[in-house]
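Worksheet: one structure, shown below.
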Amino acid sequence: PLGPVPLSKDHQFQFTMLESAFLHLPHPSDSERIKLYLPRNPCSTPHYYNQGPLPHSDSLEFFQRLSTETLFFIFYYMEGSKAQYLAAKALKKQSWRFHTKYMMWFQRHEEPKLINEEYEQGTYIYFDYEKWGQRKKEGFTFEYKYLE
Amino acid sequence: LGQDLTALGLNLNSPENIYPTFAGPWADAPCRPQDVEFHGPPEYIIN
Amino acid sequence: FDDPPGLLEKTEYLLKEWLTIYSAAPNRDPGKTFSVYIHQMNVQGILKSDDIITRFFRLSTQMMVELCYRQIPDQSQSPSTVRAKLFHTIDAYVKLIVLLVKHSGDATAITTKTNLLNKVLGIVVGVLLQDHDVQVTDFHQLPYHRILITLFLDLNAPDPVLESINYPILAAFCHTFHLLRPRKVPGFAYAWLELISHRIFIGRLLGLTPQQKGWNFYAQLLIDLFKYLAPFLRNAELAKPVHLLYKGTLRVLLILLHDFPEFLCEFHYGFCDVIPPNCIQMRNLILSAFPRNMRLPDPFTPNLKVDVLQEISLAPKISPDFQCYIQPPSFKKDLDLYLKTRAPVTFLSEIRTTMQQSCCEPGMRYNLSLLNAIVLYVGTQAIQHIRSKGLVPNTSTIAHSAHMDIFQNLSVDLDTEGRYLFLNAIANQLRFPNSHTHYFSCTLLYLFAEANSEAIQEQITRVLLERLIVNRPHPWGLLITFIELIKNPAYKFWNHEFVHCAPEIEKLFESVARSCM
């Protein structure tokens, strides 16, 4: 029984401003940290791809069952997420140590004092950023065999 | 009449709170696990 | 007054310096680089006086904004690339603010830190408001949204120093968002709702802050939102921009209904006061909230005995205090006198005139917040009165009292519009099992049974029905009241002409009855 109430001039202005704001809505990524590798707008994938997290996937036990390569992948590409944190925990359980200065992982139990050419091969990875950057040109081989 | 509020993309049957994965008033689906910020050690922010 | 010569250049230089430091290796020890940078600020004379600091932040904020206005229209790059670049710069600026707040004064200097934060937030608001006025429909929310959300997230990251000033931080942001409420800055409305519904913001205000000290803040922000939407929802033809904002609002309310139902229970009154009466589904959503530890008896249980439920003797918590809406004070005094002495009879017509507003626009002729407050106040006084006599409210003990005089008088003497609003005020109290729900349920049924004209009975039925035929959720109190109305032969519901006035109406009643029985 109330019937409509005509909009006042002020309301008209407010609507006009809302309308113009409607043209550039905030995007969900505007409210979150910049993520280089995890675009906020997921690309469309076939529906039979797994669309959601696996059950119990946010537990350390789950991560400990992942391969080391997968853990490295998650650590470097899912930066700032809980998955990265759990991957780091799982790597530590496999006696990997993260070296904050070089932002790299080592599997030796004590931290290396110096990283250079004379560095012994063995149960660890020698990871040279510059070489990695050149890998296409010089055919970089990834000292990897002990991990297999 | 009105909206079907169960079709607004919120998991209203969840036994846990749903605000931690709320993706915002314009999103049709909750956040994916990797969208939710997690405060790990700052050293891990490499890129 | 004009900025001192050279300040703009110095500010630009310092910002660039900071951006370089910030970009070099984000996880280098910011504390170390920061102290070097502070020294540079000193050298540049930025920290010399409060005024200069203020100008520095204003100029910096304006530079961020100008950067966005310049870069956003750039079509040569993808929007996400443009955004990423802009955000990198803005995030750096915000990081500087966070570090300045964190390191201003010593670790325990809470006032110094919050003062600086308030200053910066005030400056952002000032720049935004001016921009909004100047740009009008060209106004762009992006830089402000990014600055505010990133500042909030950074200041709420786990950190012992920030944790110790978390409450003042929340208060500062709530105050800022209130200043930027959609009615003041409509061009910022979408970003605003995005900000106040961010999961960290909701988590901090409604979940983590002890003693629910954030609840009042959040309620105020929701009321700001409802007040903006009201004129557009009032007319129910929703243009796309309004519909999107409305849908966003529903999502936020659903989050609150699911995770913080006690919050909706406690503040429902203030919300219903500003939600247009014809906004039935959104209001139902709020009224459907019930405390999580409460088990609701199935309203469809045959022979449900509401009277024996323990909860109906408990009064629900209501914030803020609604009695302050009963104005003027002289009227409140008269009302109390009438409730106590049931005299003078002339007061009953005084109520009506006091409720009516002088402006003659249709649909606006009643002071809704006064009407709502009177209804709830008289009801709560009635419950106390009945209890003081050692009785419990039911359809017989609520009769023949000053309180029922007032309700009966209003239901008989108000015009259709007034009676609709009056019945709505009662129906707004039909919620989860509590003493208000029980009393007002009895009152509504009593008014139906005692009505001296079928028009009143029809209108009571309409008010209930319109709340039932919208999509779920439906408040528990609404269901049990309607079920009682159609099942209890005392009300002879099915004998009334308006039930059978048209085949589709009859069919409608039957289908609702079927779903209720």
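The values are calculated or read from the model by the stated rules, or taken from the named source; none is laboratory data. The structure presented is a predicted model; accordingly, all values stated were derived computationally and were not measured. FYI the Cβ positions are ideal-geometry reconstructions off the backbone, even for glycines, and counts take in every protein chain you see.
Remarks
- Failed item in (1) farther than 22 Å from C:Arg283 by Cα; (2) crowded, with 19+ Cβ neighbours inside 10 Å, with C:Cys442 passing the rest: (1)
- Test: C:Val125 is more than 10 Å from chain A (Cβ to nearest Cβ), in contact with a Leu (Cβ under 6 Å, 6 or more places away or on another chain) and touching a residue at least 12 places away in the same chain (Cβ under 8 Å): yes
- Hits in region A:1-53 (condition: closer than 30 Å to A:Phe75 by Cβ, out of contact with any helix residue (DSSP H, G or I) (no Cβ under 6 Å at 6 or more places or on another chain) and basic (Lys, Arg)): A:Arg33, A:Lys35
- In region C:222-255, of all residues being of a type in the set (D, E, K, R) and assigned to a helix (DSSP H, G or I), the one that is surrounded by the most Cβ atoms within 10 Å (Cβ to Cβ) corresponds to C:Arg251.
- Qualifying positions in region C:379-400 - of a type in the set (S, T, N, Q) and either in contact (Cβ under 8 Å) with a residue 40 or more places away in the chain or in a helix (DSSP H, G or I) (or both): C:Thr380, C:Gln381, C:Gln384, C:Ser388, C:Asn394, C:Thr395
- Selected residue (criterion: surrounded by the most Cβ atoms within 10 Å (Cβ to Cβ)) from residues of region C:282-317 that are among the β-branched types (Val, Ile, Thr) and at pLDDT below 95: C:Val306
- Number of the condition not met by C:Pro143 [criteria: (1) touching a Cys at 6+ places or on another chain (Cβ under 7 Å); (2) at pLDDT below 95]: (2)
- Yes/no for C:Thr108 being β-branched (Val, Ile, Thr) and either without any contact (Cβ under 8 Å) to a residue 24 or more places away in the chain or closer than 25 Å to A:Phe22 by Cβ (or both): no
- Residue within region B:38-47 that is within 7 Å of chain C (Cβ to nearest Cβ), surrounded by fewer than 18 Cβ atoms within 10 Å (Cβ to Cβ), more than 15 Å from the chain's Cα centre (by Cα) and assigned to a loop (DSSP other than H, G, I, E, B) present: yes
- Residue among C:Leu86, C:Leu96, C:Leu67 that alone is in contact (Cβ under 8 Å) with a residue 60 or more places away in the chain, in a helix (DSSP H, G or I) and within 14 Å of another protein chain (Cβ to nearest Cβ): C:Leu86
- Residues that are surrounded by fewer than 19 Cβ atoms within 10 Å (Cβ to Cβ) and within 14 Å of chain A (Cβ to nearest Cβ), drawn from region C:379-419: C:Asp415, C:Thr416, C:Glu417
- Looking only at residues in region C:141-157 that are more than 7 Å from every other protein chain (Cβ to nearest Cβ) and polar (S, T, N, Q), the one that is surrounded by the most Cβ atoms within 10 Å (Cβ to Cβ) is C:Thr150.
- With respect to (1) under 25 Å from C:Val185 (Cα atoms); (2) touching a residue at least 40 places away in the same chain (Cβ under 8 Å); (3) away from chain A (no Cβ under 14 Å), the lone exception for C:Lys102 is condition (1).
- C:Ser453 touching a helix residue (DSSP H, G or I) at 6+ places or on another chain (Cβ under 9 Å) and within 18 Å of C:Phe300 (Cα to Cα): no
- Single residue of region C:44-87 satisfying the filter (under 18 Å from C:Glu9 (Cβ atoms) and of a type in the set (Lys, Arg)) that is nearest to the chain's Cα centre (by Cα): C:Arg58
- Scanning region C:136-190 for residues being touching a residue at least 24 places away in the same chain (Cβ under 8 Å), part of a loop (DSSP other than H, G, I, E, B) and of a type in the set (A, V, I, L, M, F, W, C) gives a total of 4.
- Taking the listed residues C:Leu376, C:Leu371, the one that is surrounded by 15 or more Cβ atoms within 10 Å (Cβ to Cβ), in contact (Cβ under 8 Å) with a residue 40 or more places away in the chain, under 30 Å from C:Phe290 (Cβ atoms) and within 14 Å of another protein chain (Cβ to nearest Cβ) is C:Leu371, with no other qualifying.
- If you go through region B:1-35 and keep only what is within 7 Å of another protein chain (Cβ to nearest Cβ) and among the hydrophobic types (A, V, I, L, M, F, W, C), you end up with B:Leu1, B:Leu5, B:Leu8, B:Leu10, B:Leu12, B:Ile18, B:Phe22, B:Ala23, B:Trp26, B:Ala27.
- Failed condition for C:His500, given (1) within 19 Å of C:Leu423 (Cβ to Cβ); (2) touching a helix residue (DSSP H, G or I) at 6+ places or on another chain (Cβ under 7 Å): (1)
- Scan of region C:467-517 for residues that are of a type in the set (Gly, Ala, Ser), modelled with pLDDT under 90 and under 30 Å from C:Arg251 (Cβ atoms), ordered by number: C:Ser511, C:Ser515
- Checking C:Lys492 against (1) over 24 Å from C:Leu285 (Cβ atoms); (2) touching a helix residue (DSSP H, G or I) at 6+ places or on another chain (Cβ under 8 Å), the condition it does not meet: (2)
- Evaluated against (1) in a loop (DSSP other than H, G, I, E, B); (2) in contact with a Lys or Arg (Cβ under 7 Å, 6 or more places away or on another chain), C:Cys272 falls short on exactly one condition, (1).
- Selection count, region C:208-261, where residues are modelled with pLDDT under 95 and at the interface with chain B (Cβ under 9 Å from one of its Cβ atoms): 0
- Number of residues in region A:53-109 that are more than 29 Å from A:Ser29 (Cα to Cα), surrounded by fewer than 16 Cβ atoms within 10 Å (Cβ to Cβ) and among the basic types (Lys, Arg): the value is 5.
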